[in-house]
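Trainee: Could you have a look at this structure, given as structure tokens, before my questions?
The values are calculated or read from the model by the stated rules, or taken from the named source; none is laboratory data. All of these numbers come straight from a predicted model, not from anything done at the bench. Quick reminder, even Gly has a Cβ in these numbers, built from the backbone with ideal geometry, and neighbours come from all protein chains shown. Just so you know, the surface numbers come from the protein's heavy atoms only, side chains and all, with ligands and any DNA or RNA stripped out. Shrake-Rupley method; radii C 1.70, N 1.55, O 1.52, S 1.80 Å.
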Amino acid sequence: MPKITAIARCAALFALALSLATPAAAQWKWRDPAGKMQFSDLPPPNGTPEADILQRPASSKRSVVNVVPYGQAASAAALPPAKAASGPSKEELAQQAKNKQQEKETLAKQKDEERRQAEQRRANCKSAQDNLSLLQSGIRVTRSNERGEPVVLDDQQRELEMQRARTAANSECR
């Protein structure tokens, strides 16, 4: 029998603890500017219209506190109270989303252009380095003249070509 009383005591203690438990926190329920339902133990942000607050704790009274940065008090006072307290309209939200999308597209185009330019620079660098090493190797190099006939470069022409290749390599290989 002592086991049953110990189990009964534990069960009674557990039931007592559950009955004494109070709700964790008061719950707020409101609709955000995008139309989604929000639930929180904190009140909705300032500027949430009263019509969008669907549930509030019984002990809370809504006090409106408008925080205006220093120096903007005159411009905020000129606005009607409903305009100053309301959030952005659906059209404004749609325009903001459209602007963000355009910014993303512009950024992607810029990155793509930078990548393409970097690839072109690498190809130009390799070509200039290969040309310079060929000219420095001492191998006879020929060019085609205006009639399409091969002409061997003399020492002066080779030196000019090496200077051009060095300049190209210095500018493209950064």
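Trainee: Looking at segment 1-28, which of the residues that are open to solvent by less than 60 Å² (accessible area, probe 1.4 Å) and either touching a strand residue (DSSP E or B) at 6+ places or on another chain (Cβ under 9 Å) or part of a loop (DSSP other than H, G, I, E, B) (or both) is modelled with the highest pLDDT?
Mentor: W28
Trainee: Of all residues in segment 34-59, how many are of a type in the set (K, R) and within 22 Å of E91 (Cβ to Cβ)?
Mentor: Let us first name the residues in segment 34-59 that are of a type in the set (K, R), namely 36, 56.
Then keep just the ones that are within 22 Å of E91 (Cβ to Cβ); that gives 36.
Going through segment 34-59 one residue at a time, the tally reaches 1.
Trainee: Across segment 121-151, what is the number of residues that are in contact with a helix residue (DSSP H, G or I) (Cβ under 8 Å, 6 or more places away or on another chain) and in a loop (DSSP other than H, G, I, E, B)?
Mentor: The qualifying residues number 1.
Trainee: Could you tell me whether any residue of segment 155-173 is more than 30 Å from A34 (Cβ to Cβ) and not in a helix (DSSP H, G or I)?
Mentor: Yes, some residue in segment 155-173 is more than 30 Å from A34 (Cβ to Cβ) and not in a helix (DSSP H, G or I).
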